[in-house]
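Participant: Structure provided below as structure tokens; questions to follow.
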Amino acid sequence: MYKVLIVDDEKLVRQGIMTTFPWQKHGFVVAGDAASGESALERIGQEPFDLLVTDLAMNGMSGLELIRRVKEMEPGLPAVVLTCHDNFKYIQEAMRLGVLDYIVKTEIEDEAVDETLERIARKLSEELGSKERANRGKPRQEGLLLFAPGPDGTPQELIPPEDQEEYDGRLTEIDGATWLLRLAVSEAGALADVIRPRLAKSGWTCVRIGGLEAADSRNTAAVLRDYRRHVLFHAAEAYAEAAWTEVAEAAAAATDRAGSIIIGANWDGPEWVYSEERFETMLRETAAAGIDGTALLKRLYPVVLEWERLLATGSLKGLLEQTNGLLRWRDWEAWLRGFRSAIRTTVDANGSRQIAENMMRAIELLDREDGPEPSESEIARAVNMSRGYFSKCFKKVTGQSYGDYVRKRKLERAKRLILRTDDPIARVAEQCGFSDYRHFSRVFRDFTGMLPNEYRKTGRT
């Protein structure tokens, strides 16, 4: 029998629904009732139910708000709404929240009610698989996912000393900076209230996760690792609440998105060093890519080495050691700002800032050029330098010749067009300044390791 909770703020209506509807005929038993949304949440926190039947229009918490709260607290609990509103917009709003069905109070003739309960029972049977029913039979369990500000953090920094012995045995280390503390529902709220004031000052992040009894113990740690790496890595809030299903879905979606990224912000060029606008744009693009610290380090490691080779300071490479403790995007953003500042300081110390700025100006002119590719002589004249001196300075500042830089710029544009448009490859080659399609294909393969058609196919899978 499916256990039903009836919620309506009118006592007579509630009793009428409980006693006159043929619940048992369709496999239901009314296991509880509540006169308000607040009381209903309390009952749901104390015992398992298979179906929530709630009025939409109630004093205090509305039925719609109750359903939203229940989805956070008990995401596997289906709901049916009671309403006097036969207006479609009210029912549509409830359906958007994922309710199974609705009952109009003014249409409760025996035949109509019988048909409605039969339909609800059928939908409920389809929705509740054996695994979900078994999970709801288990004691409800929540947890606090604790994410440290650095690799040396321990959860004991947050838990009051008098409670540490009690909770230590229930802590599971997810990775070197994240722990899951499993708790009963009544414990989770109380401990979260104690921890929350400490988060802002300590730099920790805490997520209260509901519905952990539905989690597969075999992959819980893996899901939470992905959630920490791809979701909490970018989180701005120190405290959040989520259902286990939301955590698992967010982790899976973020992992898929990160795995599909081929083109992110291009940190290889020098434009971002002296262009404030370009630098801020690249920060936003990198953050929006959704990649984690491991992927960022892999992307930025060769960039640091190239600038070290270019400037030969002996200090830039040492900045890589600082990335070991960077667990959040905000830390990486601060590191990138420091890296940029170190490059500019080195250039200024060598007395070559004017030359570097001239090279940045030359690159900006190239990026704005929509017509035929300007020659090296034309760009040199635009920045008031002789061609020979410009060529020498360009190579010194960028680490590549003018010709190599222009060719790379064309190929980077070709990569974007191949992935973002359906233009034929020959058309892409022409747009990027290559008159010979076969020559373009060979150069593109040397640059990316793939022919243009292979690159398009790989980038879109």
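The values are calculated or read from the model by the stated rules, or taken from the named source; none is laboratory data. Remember, it's a predicted structure, so these values are computed and weren't measured experimentally. Heads up, the Cβs are rebuilt from the backbone with ideal geometry, glycines too, and the neighbour counts pull from every protein chain shown.
Participant: Restricting attention to segment 1-55, which residues are polar (S, T, N, Q) and under 42 Å from the mean Cα position of the chain (by Cα)?
Facilitator: Result: 36, 39, 46, 54.
Participant: When both residues are 6+ apart or on different chains and their Cβ atoms are under 7 Å apart, which pairs have a first residue that lies in segment 230-245 and is of a type in the set (Asp, Glu), and a second that is modelled with pLDDT of 85 or more?
Facilitator: Going by the 7 Å Cβ cut-off, the qualifying pairs are 241/208.
Participant: Report yes if residue 177 is touching a strand residue (DSSP E or B) at 6+ places or on another chain (Cβ under 8 Å) and either at positive phi or not acidic (Asp, Glu) (or both), otherwise no.
Facilitator: Against the criterion (touching a strand residue (DSSP E or B) at 6+ places or on another chain (Cβ under 8 Å) and either at positive phi or not acidic (Asp, Glu) (or both)), residue 177 qualifies.
Participant: Search segment 168-183 for residues that are closer than 26 Å to residue 45 by Cβ and pair each with any residue that is surrounded by fewer than 20 Cβ atoms within 10 Å (Cβ to Cβ) and of a type in the set (Ser, Thr, Tyr) when their beta-carbon atoms are under 7 Å apart and the residues are at least 6 apart or on different chains.
Facilitator: 179/172; 180/172; 181/167
Participant: What number of residues within segment 418-430 satisfy the criterion of being surrounded by fewer than 18 Cβ atoms within 10 Å (Cβ to Cβ), within 35 Å of the chain's Cα centre (by Cα) and assigned to a helix (DSSP H, G or I)?
Facilitator: Residues in segment 418-430 being surrounded by fewer than 18 Cβ atoms within 10 Å (Cβ to Cβ), within 35 Å of the chain's Cα centre (by Cα) and assigned to a helix (DSSP H, G or I): 2 in total.
Participant: Is it true that residue 411 is under 29 Å from the mean Cα position of the chain (by Cα) and closer than 23 Å to residue 366 by Cα?
Facilitator: no
Participant: Spot the failing condition for residue 14; the list is (1) touching a strand residue (DSSP E or B) at 6+ places or on another chain (Cβ under 6 Å); (2) closer than 30 Å to residue 209 by Cβ; (3) basic (Lys, Arg), and only one is missed.
Facilitator: So the condition that residue 14 fails would be (2).
Participant: Right, here's the next one. What are the residue pairs meeting all of these: first residue in segment 394-421, first residue of a type in the set (Gly, Ala, Ser), second residue assigned to a helix (DSSP H, G or I) and at pLDDT 90 or above, Cβ atoms under 6 Å, and 6 or more apart or on different chains?
Facilitator: Note: pairs meeting the criteria are 414/428.
Participant: While we're on this one: Residue 451 - would you say it is over 20 Å from residue 374 (Cβ atoms), in contact with a helix residue (DSSP H, G or I) (Cβ under 7 Å, 6 or more places away or on another chain) and in contact (Cβ under 8 Å) with a residue 60 or more places away in the chain?
Facilitator: The answer is no for residue 451.
Participant: Another question, if that's okay. Can you pull out the residues in segment 431-459 that are within 32 Å of the chain's Cα centre (by Cα), surrounded by 16 or more Cβ atoms within 10 Å (Cβ to Cβ) and of a type in the set (Gly, Ala, Ser)?
Facilitator: Of everything in segment 431-459, just one residue is within 32 Å of the chain's Cα centre (by Cα), surrounded by 16 or more Cβ atoms within 10 Å (Cβ to Cβ) and of a type in the set (Gly, Ala, Ser), namely 459.
Participant: Another one. Quick one: residue 208 ticks every box in (1) of a type outside the set (A, V, I, L, M); (2) over 24 Å from residue 290 (Cα atoms); (3) touching a residue at least 60 places away in the same chain (Cβ under 8 Å) bar one, so which box is it?
Facilitator: With (1) of a type outside the set (A, V, I, L, M); (2) over 24 Å from residue 290 (Cα atoms); (3) touching a residue at least 60 places away in the same chain (Cβ under 8 Å) applied to residue 208, the lone miss is (2).
Participant: Quick one: what pairs do we get from segment 23-43, first residue among the charged types (D, E, K, R), second surrounded by 16 or more Cβ atoms within 10 Å (Cβ to Cβ) and not in a strand (DSSP E or B), C-beta under 7 Å, 6+ apart or different chains?
Facilitator: 33/14; 33/18; 38/61
Participant: OK, next. Residues that are modelled with pLDDT of 85 or more and touching a helix residue (DSSP H, G or I) at 6+ places or on another chain (Cβ under 6 Å): list the strands (runs of 3 or more DSSP E) wholly contained in segment 1-108 that include at least 1 such residues.
Facilitator: By residue number, 2-7, 28-34, 51-55, 79-83.
Participant: Can you go through 166, 187 and tell me which one is part of a helix (DSSP H, G or I) and loosely packed, with under 13 Cβ neighbours inside 10 Å?
Facilitator: 166
Participant: Can you find a residue in segment 260-278 that is modelled with pLDDT of 70 or more, among the β-branched types (Val, Ile, Thr) and surrounded by 17 or more Cβ atoms within 10 Å (Cβ to Cβ)?
Facilitator: yes
Participant: Using the structure shown, decide if residue 405 is surrounded by fewer than 16 Cβ atoms within 10 Å (Cβ to Cβ) and not basic (Lys, Arg).
Facilitator: Here the answer is no, as residue 405 does not meet what is asked.
Participant: Could you figure out which of (1) under 25 Å from residue 326 (Cβ atoms); (2) not in a loop (DSSP other than H, G, I, E, B); (3) not charged (D, E, K, R) isn't true of residue 236?
Facilitator: Single failed check for residue 236: (2).
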